[in-house]
Amino acid sequence: MDDLERLADEIRDAETVVAFTGAGISAPSGVPTFRGDDGVWERFDEGQFAYGRLQRDPAGFWADRVDLQRELFDGEFEPNAAHEALAAMGRDGDLEAILTQNTDGLHGEAAEAVRDGETDDGHAGEPTVLELHGNSQRVRCTDCGKRRNGEPIFERAAEGELPPTCDCGGVFKPDVVLFGEQLPGAVIQRARSLARESDVFLAIGSSLVVEPAASLPRLAASTGATVGIVNLGSTPRDDIAAVVSRADVTDALPRLRALVAE
Ligand code: APR
């Protein structure tokens, strides 16, 4: 029995399975990861996009953000077989929730694609998708809090409206958690309770170095969950995982889903 077969057995016996994903699950879709040889932070300085810079120099923040947005989220990206496998596991009732650090919206698109799907027992469902770091396809006004589709606002910024402003006069910000910003309390509390409730906790495509998200696998393990890691690179949480699969997500996850559905 190999690693994924053991993990599939645990998932079949589990009440609550939760998946946590990072940039590695979207890498096969062409979305650059943050770390590693061609990581985003090799080409951009994280400080350019910190919340403090948006407050201090909103025009400069937005001039750089337009470049980053083009690089990261040019809208051409599609969910890949790994996103689809997780969405299908949700539809089949084998996955309770997906907690993602990614802001590309690809889990939501994959869930939508299976939203009307029915399993053979008529179970129609979808996994809860919790975007811990927000969604780069949206912007939010820093004054009135109104959320808008980001595309037209990024176009206005690219055409020279720096910074782009809301009808109320407030400055827009990408609807993501910026460096120096706290994750919304309610979001991280919900993520923590899902990790505590999980019987199996899957950490997929993440270097597990950014807190508070990186503490979720240990929290899950502390309340008895089986932790499974699917990641090409090593992570600081490998030691608490029952299963570590050094496989590409687009190989491992469709195979895991098929093994669970057997
Ligand atoms: N299959 C499996 N694993 C992969 C694949 C793949 N096809 N491609 C990349 N990986 C792994 C890499 O080995 C790496 O360990 O995905 C991981 C991605 O790690 P990061 O780039 O650090 O991404 P992530 O963990 O999501 O970063 C966390 O850091 O800068 C912040 O807000 C940003 O959400 C991001 C957070």
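Would you tally the residues in segment 177-230 being more than 30 Å from Val139 (Cβ to Cβ), of a type outside the set (Val, Ile, Thr) and in a loop (DSSP other than H, G, I, E, B)? Give the derivation first.
In the first step, residues of segment 177-230 are kept if they are more than 30 Å from Val139 (Cβ to Cβ); the result is 196-202, 217-230.
Imposing the further condition that a residue be of a type outside the set (Val, Ile, Thr) reduces the set to 196-199, 201-202, 217-222, 224-225, 228.
Those left that are additionally in a loop (DSSP other than H, G, I, E, B): 198-199, 224-225.
Of the residues in that region, 4 qualify.
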| said: What's the total number of residues in segment 231-255 that are farther than 24 Å from Ala87 by Cβ and part of a helix (DSSP H, G or I)? | reply: 3
| field | Condition met for Leu99 (more than 13 Å from the ligand (Cβ to nearest atom) and in contact with a strand residue (DSSP E or B) (Cβ under 6 Å, 6 or more places away or on another chain)) | value | no
| message | If Ala157 satisfies all but one of (1) more than 30 Å from Ala59 (Cα to Cα); (2) aliphatic (A, V, I, L, M); (3) assigned to a helix (DSSP H, G or I), what's the number of the condition it fails? | response | (1)
| note | Restricted to segment 214-236 and to residues being within 12 Å of the ligand (Cβ to nearest atom) and surrounded by fewer than 24 Cβ atoms within 10 Å (Cβ to Cβ), the residue nearest to Arg190 (Cα to Cα) is Ala214
| request: Could you grab the pairs with beta carbons closer than 9 Å, sequence gap of 6+ or different chains, first residue in segment 142-170 and assigned by TED's automatic domain parsing to the domain that holds Tyr51, second one among the β-branched types (Val, Ile, Thr) and in a loop (DSSP other than H, G, I, E, B)? | output: Cys166/Thr142; Gly170/Thr142
| note | Residue count, segment 35-64, condition out of contact with any Gly (no Cβ under 6 Å at 6 or more places or on another chain), within 14 Å of the ligand (Cβ to nearest atom) and in a helix (DSSP H, G or I), comes to 8
| Looking only at segment 238-259, and only at residues there that are more than 18 Å from the chain's Cα centre (by Cα) and buried (at least 22 other Cβ atoms within 10 Å of the Cβ), the one that is farthest from the ligand (Cβ to nearest atom) | Arg257
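The values are calculated or read from the model by the stated rules, or taken from the named source; none is laboratory data. These numbers come from a predicted model, not from an experiment. Neighbour counts run over all protein chains shown; Cβ positions are idealised from the backbone, glycine included.
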